[in-house]
Each structure stands twice: as C-alpha cells, then as structure tokens.
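The next block holds one structure in the form of structure tokens; read it before the comments.
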Amino acid sequence: MTLARPEERFPLERALRGIRERFADAVIDADRMSLREHLVVVPAARLPEVAGAIPREWGGALIAAFALDEREPHGRFRLHYQFSMAPEDAVLTLIAAVPGEAPAFPSVTPAVPAAHWLEREMRDLLGVIPEGHPDPRPLVAHDGWPEGAYPLRKDFAPPHTWSWAPRFAFSPVEGEGVFEIPVGPTHAGIIESGHFRFSSVGEAILKLEVRLGWKYRGLETLVQGQPLSRGLEIAERACGMCAFSHALAFSIAVEELSGALPPPRARAIRSLAGELERLVNHVGDIAGMLTDVAYVAGAAEGLRIKEVLQQAGDVLFGQRFLRGVCVPGGVRRDLDEAQQRWLRDVLSAVRADVEDLVRSCLANAAVLDRLQGTGRLAREVAADLGVTGPAARASGIPRDARRDHPYAAYRELDFQVPVREGGDVLARLEVRADEIHESLNIIDQLLLRLPGGPLVQRLGGLTPGRWGLGLVESPRGLLVHWLRPGPGGSVADWRVRSPSHANWPAVAHAVLDDIVPDFPLINKSFNLCYACVDR
C-alpha cells in the first residue's frame with residue numbers, strides 16, 4: 001500500500017499555516033459559523049493573491065463564490081469564496097468586505113479561472129463589480145435589463161412592468177472563411193432555453209459561446225423571508241432531474257444550523273434515494289449519447305431502463321422525481337421488508353440489462369468511432385475551470401463529495417470512485433457506466449443492513465447570524481447550498497451553486513477543434529441543466 005505524503009493528507013493545515021505566515025493582515029477562524037468551514041477574513045485588495053495560492057499551492061478547489069448585501073446595518077457587501085479541502089473533509093472560506101457605496105473589488109478570476117461565471121453573477125445580481133475580470137459582459141442580465149435592478153439586494157422591488165427583448169452581446173471571431181452559426185435559445189426538442197453561437201471554418205469549431213439566463217427565475221430572491229418549509233419546496237424545484245439532491249443539500253444546511261443529526265434509518269434511506277436518482281440520470285445520459293450517434297436500439301433500451309427506475313421511485317416513494325421524500329431532520333417515506341425485496345429484484349434485472357447495453361455499444365465499431373477522441377477536455381483545463389462530477393472524473397480528477405465530504409450514510413459504505421484519463425465522450429460514458437455499477441452495489445449494501453429506528457429527528461432552534469452548508473454529490477457533480485436563517489426560523493439568505501453552473505464553461509472548451517455535427521453528442525456527454533443555472 002502506498003501511503004500519501006503528509007502534505008497531501010493535510011492540505012488545510014498547510015494552507016492555514018501558509019496564510020498565517022504570508023498574509024499577516026488575514027484573520028483566521030475569526031468565528032466558526034458552520035461545521036466544515038474554516039474562515040479566513042482578508043482585505044478585498046488581497047483577495048486574488050490569497051485565493052490564487054489555495055489551488056496552486058495547497059490543492060484546494062473553488063466550489064462556490066457569492067456576495068451578500070449587508071448594507072443594513074453594516075454598510076457593506078460581503079464576499080465568500082469557498083474552497084474544498086477534500087482530504088480533510090473541510091471547506092476553506094475566504095471572506096472580504098467591500099463598501100456599500102462603492103462595491104468593487106479586484107477580480108479573482110485571473111488567478112482562479114473557476115470564479116469566471118460566479119463573479120459575473122455578482123455584478124449582475126448584486127451590482128458588486130469584479131474589477132479586472134477578463135470578460136466583464138453581463139452573464140444573467142441580458143441587454144435591456146433595467147439599469148440598477150439587482151435582484152439579490154435587500155431593497156430590490158420588482159417593477160410592475162418589466163419586459164424587454166432579451167439579447168446578449170457576443171465576441172465574434174473575424175477572419176476569412178469564418179462563419180457564425182447560431183443555435184437556440186428555442187430548440188427543436190422539448191428542452192430548456194439556451195443559446196449556442198459557433199464560430200467555424202467549414203465544420204471545424206473555432207469558438208463556442210454558451211449563453212443562458214433566458215428564464216431567470218430569481219429563486220434565491222423568492223426564498224428570502226420565507227419559512228423553511230417553503231424554502232425546501234423552492235429548493236426541490238431548482239432542477240427537475242436532481243430534485244432529491246437539492247432537497248438533501250438544503251436539508252443538510254438546515255440540520256447543521258439546528259444541531260440535528262438525522263436518525264440512522266433516515267440517513268440510509270437518503271443514500272438509497274440519492275443513488276436511485278443517480279441511476280435514473282446516468283442511464284438516461286447514456287441513452288442520450290447513443291441517440292446522438294444513431295445507435296437507435298441501444299438508445300431505446302437505455303430509455304426503457306430509465307423508465308423502469310423512475311417507476312421504481314414512484315412505487316417506493318410516491319414520486320417519479322423523488323420530490324417530497326427528504327425533509328430537514330430525516331425523510332418522509334419508509335421501506336418495508338416487501339418493498340426492499342421487490343427493489344432488490346428490480347435492480348438485479350437492471351444490473352444485467354445495463355451490462356448488456358454497455359457491452360453492446362462498446363463492441364460496436366461505428367459507435368466507438370463517434371465516441372473516441374471526441375470532445376476531449378484536458379485534465380488541466382478541467383481543474384482550472386473547477387469542473388465537477390462525472391465530467392471531472394472522466395478527465396482524471398478523482399473528486400466525489402460522497403467520499404471527500406461524507407453525508408447521509410456514505411461514511412459507513414464501501415464504494416469506489418471511478419476515474420478515466422481520456423477526457424472524451426467515451427470516457428464520460430465509461431465513468432457513468434462504472435458509477436451505475438457502484439450505485440447498484442451501494443443500494444445492495446443499504447438493503448442488506450438497513451438500520452431500524454425513527455425516520456425524523458426533531459429540529460432545534462436556528463440561531464440568526466450563523467449559517468449552514470450542505471454539500472451533496474448530485475448525478476452531475478458537487479451541489480452546494482448555503483443558508484443563513486432570519487427571525488422566527490425564516491430564510492434570510494440562500495445561495496445555490498449547481499454542478500451545471502460549474503461545468504457549462506467546460507463545454508465551450510471541449511468542442512474546440514471538433515466539428516459542428518459533433519456538438520450535440522459532446523453536449524449530451526455533459527448533459528447539463530439550464531434551469532438550475534437560471535435559478
């Protein structure tokens with residue numbers, strides 16, 4: 001067995017020591033507000049310097065960044081930059097203040113490219129300006145967005161009439177033979193709204209711009225002042241296919257605030273439902289990739305298996321998308337002995353069917369010709385952009401919150417984190433196929449030793465001013481929910497960062513040097529959500 005070097009096993013310790021030695025004006029762990037987070041307060045002027053050192057020198061990965069409106073009563077906006085320090089199950093959070101009357105700070109993006117979209121959202125939604133950002137164009141706020149309308153400011157009031165023709169400014173590629181190909185935002189299929197603009201020579205892609213935000217819903221604004229029960233409903237609807245993961249991350253944040261630990265049986269059922277949601281998504285994603293290479297028989301079989309899994313969720317939990325199952329403190333639904341036996345039989349058949357499906361498509365030369373080498377995402381690019389989930393693991397980055405930041409029952413379970421090095425569509429398909437196998441094994445373990453006991457732990461009081469952090473490995477990758485309570489157990493502030501938000505910029509890199517007809521396949525191999533980005 002190869003033992004990890006101490007510097008690999010204790011990156012948080014090294015980071016805190018390094019910050020203490022090199023940044024004398026930083027205040028470390030001024031106040032522990034959540035269980036995993038270690039807080040470092042830094043002057044805004046030094047934020048890029050400190051943030052850049054964390055991934056470069058100490059192995060941290062940026063997982064979220066956001067701003068809070070604290071003009072009343074503190075006269076400031078507060079910035080949070082959260083880095084996963086995975087081997088120690090910790091999060092290192094940099095906090096900086098910018099004045100309320102002149103909310104600007106030096107952009108972190110040149111030092112930490114993963115902050116790219118996050119900082120543009122700060123400007124659009126709070127009017128906090130990242131000076132020196134390499135792409136200062138609006139991300140959410142289309143051209144024509146009302147001037148001075150910042151939905152996450154506390155004094156924001158939606159106008160009675162707010163209508164304009166959505167447009168975005170693009171950065172064209174100029175040169176002989178260069179064409180622009182616009183796709184969307186309205187598509188031929190029944191999918192969400194997203195615009196893709198290709199610059200190409202012939203069929204070769206020189207550049208792709210991904211523009212979302214066509215149906216911005218303002219969920220983080222909508223939840224302010226609402227009771228936790230309403231917050232959970234809104235969280236569950238951030239994404240259709242990852243509803244359970246969002247409910248779980250929200251619930252974990254609430255539980256951290258209240259000091260409640262869900263009972264063992266509830267934690268086990270949470271893990272089971274999470275793996276069932278992962279199975280539905282992964283099988284559906286494989287079917288989507290096979291659709292785009294015209295392997296019709298394989299695609300149809302994948303969709304059939306997906307339907308079997310969704311019907312199983314409906315039978316066991318009363319909801320095909322697993323809504324209403326998870327609540328702060330535990331779960332609402334139990335599984336009796338007959339249901340457990342039935343589920344084992346269903347998943348045994350699913351295991352055999354998925355193995356046959358994957359074997360058949362990987363033995364097909366025409367399928368492999370489309371998958372191999374297509375949409376390659378280099379490990380270095382994936383790391384710089386903060387890519388997460390199967391897309392990251394297919395590019396050789398072995399991160400998985402179930403292992404790195406255990407929640408629910410995962411600390412007691414035995415499972416592997418599949419990794420591939422190819423970074424192409426084939427690698428992303430193979431990672432999903434391996435993860436299906438692991439998910440089935442996890443559910444087997446849970447059913448064999450499902451603990452007894454209650455399903456819900458009563459919540460304690462929520463202390464205003466503190467906050468909770470929920471980290472969940474959704475089917476698409478790391479999902480982050482940050483929650484601060486208000487008076488009477490209401491929600492004062494809520495921030496969400498989905499894996500799709502982290503991964504969309506990587507799609508624009510993965511298509512470079514490929515051909516336009518391969519874009520649907522490459523896009524499907526990431527299979528990212530629009531809605532949770534337009535939250």
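The values are calculated or read from the model by the stated rules, or taken from the named source; none is laboratory data. For clarity, every value in this text was computed on a predicted model and none was experimentally measured. With ideal geometry, Cβ positions are generated from the backbone for all residues, glycine too; neighbour counts draw on all protein chains shown.
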Do we have any residue at all in segment 150-158 that's part of a loop (DSSP other than H, G, I, E, B), farther than 27 Å from Phe10 by Cα and of a type in the set (Phe, Trp, Tyr)? yes
Within segment 258-290, can you find the residues that are farther than 17 Å from Leu357 by Cβ and in contact with a Ser or Thr (Cβ under 7 Å, 6 or more places away or on another chain)? Gly274, Glu275, Glu277
When segment 379-414 is examined, which residues are found to be touching a strand residue (DSSP E or B) at 6+ places or on another chain (Cβ under 6 Å) and among the charged types (D, E, K, R)? Asp400, Arg402
Is it the case that some residue within segment 429-448 is assigned to a loop (DSSP other than H, G, I, E, B) and either without any contact (Cβ under 8 Å) to a residue 60 or more places away in the chain or over 29 Å from Leu512 (Cα atoms) (or both)? no
Select, from Pro485, Pro454, Pro505, the only residue that is buried (at least 23 other Cβ atoms within 10 Å of the Cβ) and either of a type outside the set (Lys, Arg) or within 22 Å of Gly274 (Cα to Cα) (or both). Pro485
Only residues that are free of Cβ contacts under 8 Å to residues at least 60 places away in the same chain and crowded, with 18+ Cβ neighbours inside 10 Å: list them for segment 185-231, please. Pro185, His195, Arg197, Ser199, Arg211
Is there a residue in segment 107-126 that is in a loop (DSSP other than H, G, I, E, B) and of a type in the set (Lys, Arg)? no
List pairs: first in segment 127-144 and loosely packed, with under 14 Cβ neighbours inside 10 Å, second hydrophobic (A, V, I, L, M, F, W, C), Cβ under 8 Å, 6+ apart or cross-chain? Glu131/Ala104; Glu131/Phe105; Asp143/Phe168; Asp143/Ala169; Gly144/Trp164; Gly144/Ala165
Take residues that are loosely packed, with under 15 Cβ neighbours inside 10 Å and tell me which of the helices (runs of 4 or more DSSP H) falling wholly in segment 313-398 contain 3 or more. 337-362, 365-371
If Lys524 passes every condition in (1) within 21 Å of Met289 (Cα to Cα); (2) surrounded by fewer than 17 Cβ atoms within 10 Å (Cβ to Cβ) but one, which one does it miss? (2)
Restricting attention to segment 46-75, which residues are in a strand (DSSP E or B) and surrounded by fewer than 19 Cβ atoms within 10 Å (Cβ to Cβ)? Glu70
Return yes when Ala427 is within 27 Å of Val91 (Cβ to Cβ) and not assigned by TED's automatic domain parsing to the domain that holds Val91 and no when it is not. no
Lone unmet requirement of (1) modelled with pLDDT of 95 or more; (2) aliphatic (A, V, I, L, M); (3) surrounded by 19 or more Cβ atoms within 10 Å (Cβ to Cβ) for Leu462: (1)
When residues of segment 124-164 are filtered for being at pLDDT 90 or above and either of a type in the set (A, V, I, L, M, F, W, C) or under 15 Å from Tyr81 (Cα atoms) (or both), how many remain? 6
Which numbered condition trips up Val419, out of (1) within 20 Å of the chain's Cα centre (by Cα); (2) surrounded by fewer than 23 Cβ atoms within 10 Å (Cβ to Cβ); (3) part of a helix (DSSP H, G or I)? (3)
